[in-house]
Each structure stands twice: as C-alpha cells, then as structure tokens.
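One structure is given below, encoded as structure tokens.
The values are calculated or read from the model by the stated rules, or taken from the named source; none is laboratory data. Predicted model, so just to flag it, every value in this text is computed and none were measured. Using ideal geometry, Cβ is built from the backbone for each residue, glycine included, and neighbour counts are taken over all protein chains shown. When the accessible area is computed, the model is the full protein with side chains, heavy atoms only, and any ligands, DNA or RNA have been set aside. Shrake-Rupley method; radii C 1.70, N 1.55, O 1.52, S 1.80 Å.
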Amino acid sequence: MPSFLIQFSYTPRSIEGMIDQPEVDRAAQASAMVASLGANLLGYWYAFGEFDGVVLMEAPDSSAAASIGMAIRGTGEVSRLETTVLLTMDEAREAMRKSANATHLPHGEKENG
C-alpha cells in the first residue's frame, strides 16, 4: 500500500481542548478515522516547528489519502494540512530509471514554436 505523510497545524480552539483534556488519546481517534476510510495509521507525532503534528499512514491510493485529508479538514480542528506521497526506495529507483528515457531539451536550449 502507498505511504503518505500528513503534516498539520491545530486551530487555537483545538489546542485549548488539548490543554483542557490532555488525557484524550488523539492518536486513537485519528487511527479510527483513518481506518474507517480504508487506510492504516502507522504513527502520530506532535512536532515543534512549522507544523504541530505529523501522521504517517498507508492508504490504498491517492484518492483514499485525499478523502482522509478532506475528513480531517472537515473537523475544523486543523488550520493547515499538507499531504505528501512517499515513495519506497525501489519506487524512487524505478522513477530514476524511467526519467532517463524522457525527451527533453539540452540545458540552455529553447524550444522553437
């Protein structure tokens, strides 16, 4: 199954709820939601920096991953969400091999027309 990285930032209201109820297992909630859409939550982490949290999941395809992103946004609990498709090293090597067959212009030349 393809892997996806989801990075997100909480809304101020969400953070207030976490402070008020730190005992709530938000990873379990996320896992149940992801599973309900046919995917598997591999990990859920809080983070410092640009995003408040990170999720690693497997989903059957990009459409399933997109539906999960929509469902998360639909909760109103996040202010920002980015989903990244992850490639295995074998998939990346296959992409590298395929790219060698691409038709392209040599560096510095412009296409006519």
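Here are the numbers for this structure:
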read-out: FRET efficiency, Met33 to Ser99 (Cβ-Cβ, R0 41 Å, nearest 0.05); value: 0.70
read-out: Theoretical ellipticity at 222 nm over the chain - DSSP helices of four or more residues, -39500 (n - 2.57) apiece, nearest 500; value: -12000 deg cm²/dmol
read-out: Which of Ile15, Ile72, Ile6 is most accessible, then next, and so on - probe 1.4 Å; value: Ile15, Ile72, Ile6
read-out: Cα→Cβ-extended label distance, 7 Å offset, between Ser79 and Asp25, nm; value: 2.9 nm
read-out: Listed residues Asp90, Asp52, Asp25, most fluctuating in the chain (Gaussian network, C-alpha, under 10 Å); value: Asp90
read-out: Residue among Ala71, Tyr46, Met89 farthest towards the positive dipole end of the chain, charges placed on Cβ; value: Met89
read-out: Using alpha-carbon coordinates, inclination of helix 62-74 to the longest axis of the chain, degrees; value: 40 degrees
read-out: Crossing angle, helix 26-36 versus the chain [Cα axis fit, 0-90 degrees, rounded to tens]; value: 60 degrees
read-out: Rounded percent of accessible protein surface that carbon and sulfur make up, region 1-106, 1.4 Å probe; value: 59 percent
read-out: Cα centre as origin, Lys/Arg/Asp/Glu Cβ charges: the chain dipole, Debye; value: 280 debye
read-out: Accessible area of the chain divided out per residue, in Å², using a probe of 1.4 angstrom; value: 69 Å²
read-out: The chain: relative contact order as a whole-number percent, Cα under 8 Å and 6+ apart; value: 38 percent
